[in-house]
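Visitor: Once you've had a glance at the structure underneath, I'll fire off some questions.
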2 protein chains.
Amino acid sequence: MEEDLSKPRNPTPAELEILRALWKSPGSTVRELMESSTGKPQGYTTLLKMLQIMHEKGLVERQEDGKAHRYSAASGQSETRTGLVTDLINRAFEGAAKTLVMHALAAKRPSREELAEIRKMLEMYEERTEEEPK
Amino acid sequence: MEEDLSKPRNPTPAELEILRALWKSPGSTVRELMESSTGKPQGYTTLLKMLQIMHEKGLVERQEDGKAHRYSAASGQSETRTGLVTDLINRAFEGAAKTLVMHALAAKRPSREELAEIRKMLEMYEERTEEEPK
DNA sequence: TCCGTTCTACGAAGAGTTTCGTATATTGTA
DNA sequence: TACAATATACGAAACTCTTCGTAGAACGGA
């Protein structure tokens, strides 16, 4: 099968786990990621192999540092999150963000403060949507 | 590996596609699903095999109808959606529904009407959250 | 220089997902 | 009854994801 290098695909669960660590500590070596890992313990070569594959896929960038490599996420956390949400909205919510939002609220019951923040964002979008009727 | 039949796992992408058809037309036969399929064309036995596997996993129920089987989703659309959203919130948003909601709005720009509906839901949750401070 | 440490590279195994070919049973009809 | 159509069951191939063992290169200290 061909590889599509034009746009980065959404990360798999294990890849996302690694990206989370890289967003927190960009420019980490494999060893550093190993030692700061909080998830389930992985072998060193397992993590290395994942990073090699992610590099082939274009999910991470790396630079040499002595004999080791330092890895960073190729896309920002926000972009990646948007990609994941978009995929889920399309696959499970027929493209309707509204429906996903309703289920998110039902699933996680945000605190009063969080609800207020969401409402603030919402009002911002309401104003903006009025101006651009596309 | 052991099978966990206690709670239904989240469906895979191909499984979700089938579930969407079953929520729309419960009690469908394989042939009916084949013919009403809008996605990419699948072979008959491919779809049949998927349904057999989903039956083993407990994702669908089936009843005999003559020599054929009629399939229905084992869980409702809403439950399944909540499961998928919960998984994504945990894996990519550190458990914060608020952050996912913000990205969903950014990704799909809901219409003015949808925004108003979301805000209405939000206000409902704000009231309820006030009453139950857990 | 030699040895131990630490790194990358490579290959492959195991699990899960998705696809489909083939075999077999059942039904309805001429 | 015999045939054609249509159904399920079964097994395996192709693909992806995840894990890790082994090999070999590079570095630093005794």
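Visitor: Of all residues being of a type in the set (S, T, Y), within 12 Å of DNA strand C (Cβ to nearest atom) and not in a loop (DSSP other than H, G, I, E, B) in the stretch B:23-65, which is nearest to B:P11 (Cα to Cα)? Just the residue, please. Give the steps one after another, and end with the answer.
Guide: Taking the stretch B:23-65 and keeping what is of a type in the set (S, T, Y), we get B:25, B:28-29, B:36-38, B:44-46.
Still in the list and also within 12 Å of DNA strand C (Cβ to nearest atom): B:37, B:44-46.
Remaining after also requiring not in a loop (DSSP other than H, G, I, E, B): B:44-46.
Values: B:Y44: 20, B:T45: 20, B:T46: 17 Å.
Looking at the filtered set, the residue picked out is B:T46.
Visitor: Out of B:E17, B:E79, I need the residue that is open to solvent by 90 Å² or more (accessible area, probe 1.4 Å), at pLDDT 95 or above and more than 10 Å from DNA strand C (Cβ to nearest atom). Which one? It would help to see each step written out before you state the result.
Guide: Working: B:E17 fails: more than 10 Å from DNA strand C (Cβ to nearest atom).
Just a single option satisfies the conditions, and that option is B:E79.
Visitor: Can you tell me which of (1) open to solvent by 40 Å² or more (accessible area, probe 1.4 Å); (2) at pLDDT 90 or above; (3) within 9 Å of chain B (Cβ to nearest Cβ); (4) outside any helix (DSSP H, G or I) is the one A:G95 doesn't meet?
Guide: Here A:G95 clears every test but (1).
Visitor: Next up: Away from DNA strand D (no atom under 16 Å from the Cβ) and among the hydroxyl-bearing types (S, T, Y): is that true of A:S37 in this structure? Quick ask: steps written out before the conclusion?
Guide: Numbers: away from DNA strand D (no atom under 16 Å from the Cβ): no; among the hydroxyl-bearing types (S, T, Y): yes.
The answer is no for A:S37.
Visitor: Can you tell me which residues in the stretch A:27-49 are under 15 Å from A:A68 (Cβ atoms) and either open to solvent by 70 Å² or more (accessible area, probe 1.4 Å) or not assigned by TED's automatic domain parsing to the domain that holds A:E61 (or both)?
Guide: A:R31, A:E32, A:E35, A:Y44, A:T45
Visitor: Under 8 Å by Cβ, and 6 or more places apart or on different chains, what pairs join a residue from the stretch B:81-92 that is at the interface with chain A (Cβ under 7 Å from one of its Cβ atoms) with one that is of a type in the set (F, W, Y)?
Guide: B:R81/A:F93
Visitor: Does A:K7 qualify as being without any contact (Cβ under 8 Å) to a residue 60 or more places away in the chain, farther than 26 Å from B:G83 by Cβ, away from DNA strand C (no atom under 16 Å from the Cβ) and out of contact with any helix residue (DSSP H, G or I) (no Cβ under 6 Å at 6 or more places or on another chain)? Break it down into steps so the answer makes sense when it comes.
Guide: On the way: without any contact (Cβ under 8 Å) to a residue 60 or more places away in the chain: yes; farther than 26 Å from B:G83 by Cβ: yes; away from DNA strand C (no atom under 16 Å from the Cβ): yes; out of contact with any helix residue (DSSP H, G or I) (no Cβ under 6 Å at 6 or more places or on another chain): yes.
Yes.
The values are calculated or read from the model by the stated rules, or taken from the named source; none is laboratory data. As the structure is a computational prediction, the values presented were derived from the model and not from experiment. For neighbour counting, all protein chains shown are included, and Cβ atoms are generated from backbone atoms with ideal geometry for every residue, glycine included. Note: accessible area is taken over every heavy atom of the protein model, side chains too, but ligands, DNA and RNA are not part of it. Shrake-Rupley method; radii C 1.70, N 1.55, O 1.52, S 1.80 Å.
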